[in-house]
Amino acid sequence: MTDAGPIVRILVDADACPVKDEIYKVAFRYAVPVEIVANSYMRVPVDPLIRQVVVDDKFDAADDYIAGQAGAKSVVVTADILLADRCLKANATVIGPNGKPFTTSSIGTAIATRAIMADLRAGGGGEGIGGPPPFSKTDRSRFLSALDEALFRLRRT
């Protein structure tokens, strides 16, 4: 599906998402449906706005589902750069859990950096190259603001 129709919704790559509670909070405020997509069951609020989608454990099954559902009225929450790229190509709004948006102008650099880091780690030249910095209160606050702004903008259009 390339467009979710007139209904704005949030699609969450939920397996390692640290901001699910914040997503629920904003979704309830805007009365926007949320799909929590994961490879296993997890605890989600019992509410008609929240739908849990459990995909099989096949490689990229959650990503495939989310990318297939993403459209112009979707906000996708993911830290996965390749999934973000697929969703941007479907005209979705994509936000990382740290609140930083993925955009068509920034995704190419993010993909290239990801590839370089993977090569360094695989080649043994990546000793001391850690992962991302620890998740902070600033990240959480930036995420809440970015999600609120994205939903406000999508609901106006």
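The values are calculated or read from the model by the stated rules, or taken from the named source; none is laboratory data. This one's a predicted model, so the numbers in the text were calculated from it and none came from an experiment. Reconstructed Cβ throughout: ideal geometry from the backbone, glycine too, with neighbour counts over all protein chains shown.
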Inspect all residues belonging to the stretch 108-119 and state whether any of them is among the acidic types (Asp, Glu) and at pLDDT below 85. yes
Of the residues in the stretch 62-81, those that are closer than 15 Å to ALA16 by Cβ and outside any strand (DSSP E or B) number 7
Please go through (1) within 20 Å of ASP148 (Cα to Cα); (2) assigned to a loop (DSSP other than H, G, I, E, B) for ILE23 and return the number of the only condition it doesn't satisfy. (2)
Just wondering, is there one or more residues in the stretch 24-39 that are surrounded by fewer than 16 Cβ atoms within 10 Å (Cβ to Cβ), closer than 20 Å to ALA79 by Cβ and touching a helix residue (DSSP H, G or I) at 6+ places or on another chain (Cβ under 7 Å)? yes
Out of everything in the stretch 82-102 that is among the polar types (S, T, N, Q) and in contact with a strand residue (DSSP E or B) (Cβ under 9 Å, 6 or more places away or on another chain), what residue ends up being farthest from CYS17 (Cα to Cα)? ASN91
Checking the structure you have, find out if any residue of the stretch 34-42 is touching a Pro at 6+ places or on another chain (Cβ under 8 Å) and not in a helix (DSSP H, G or I). no
When GLN52 is run through (1) assigned to a loop (DSSP other than H, G, I, E, B); (2) over 11 Å from the mean Cα position of the chain (by Cα), the failure sits at (1)
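Every residue, every condition in (1) basic (Lys, Arg); (2) surrounded by 19 or more Cβ atoms within 10 Å (Cβ to Cβ); (3) closer than 12 Å to LEU147 by Cα; (4) free of Cβ contacts under 8 Å to residues at least 12 places away in the same chain, yes or no:
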position	(1), (2), (3), (4)
ASP15	no, no, no, no
VAL46	no, no, no, yes
GLN52	no, no, no, no
ALA61	no, no, no, no
ALA67	no, yes, no, no
GLY96	no, yes, yes, no
Among ASN91, ASN98, the single one that is modelled with pLDDT under 95, part of a loop (DSSP other than H, G, I, E, B) and under 30 Å from ARG156 (Cα atoms) is ASN98
